[in-house]
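Read the structure below first, then the notes.
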Amino acid sequence: MTNVTGYCWATNRYLGELLNVGKMQAIRLIQMLEDCGYIETEVIRDEKNTVIERRIWITNTGLMLLPPGIKNVTTPGNKKVTTPGGKNVTTTMNNNSNNNPPIVPQRGTRSRDHKSTADWASNRFEQLWLWYPGDPERHAKRGNRQRAIRAWDKLRPDDELIETIAAALARQARSDEWQEGVGIPHLSTYLNGYGWEGWTDDNDK
């Protein structure tokens, strides 16, 4: 899917259908690849901070996993970014690998700085962390706090996006699956995968 532009722009839903898994499982798989340094994701936003495109790039580390014979794959280090309209568009890129294989930390050390809370709108993050997914008995579903903090700081949601996320979570929390504790992603996965998309209209599907 990267042969034409150098990156994959498929949605989570499309990738899930292609792999015969659910959308949330597709999100988890993408996050796992990103955490391992095989891919980098790039978010394209317009001037209103609305997400208009998500791009998945294969890193040099990821290239080692590709079958022999595949050529001309553009990596994040040598890409030429083009954006819709050519203006008023900002991009956010994860820099997990920086085109180098991930370094395994020594025992007893951390690969990233430990943060007590988020740098961006920390009070709003703490509210989200305490509430997610809305049932105190299932707080374990929130996952790793440090990953959630990094996802939040990378997203840097403005007030409008925070309200959109809150409205979507309120709907999702009422869904049959979430009520049964099924399909609830870790908070970092939810934020990185834009898990609120499709849950802001007047439907609960």
Output for region 1-32, where each listed residue is outside any helix (DSSP H, G or I) and either more than 25 Å from V182 (Cβ to Cβ) or touching a residue at least 12 places away in the same chain (Cβ under 8 Å) (or both) = M1, T2, N3, V4, T5, G6, Y7, C8, W9, A10, T11, G22
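Please pick out the residue among R142, R174, R156, R147 that is at pLDDT 85 or above and either assigned by TED's automatic domain parsing to the domain that holds T59 or surrounded by 17 or more Cβ atoms within 10 Å (Cβ to Cβ) (or both).
R147
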query = Of all residues in region 3-43, which are buried (at least 18 other Cβ atoms within 10 Å of the Cβ) and over 24 Å from L187 (Cβ atoms)?
reply = G6, Y7, C8
query = So which residues in region 33-49 are polar (S, T, N, Q) and in a loop (DSSP other than H, G, I, E, B)?
reply = N49
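The values are calculated or read from the model by the stated rules, or taken from the named source; none is laboratory data. Since the model is a prediction, treat every value here as computed from it, not as a measurement. Cβ: placed from backbone, ideal geometry, glycine included. Neighbour counts: every protein chain shown.
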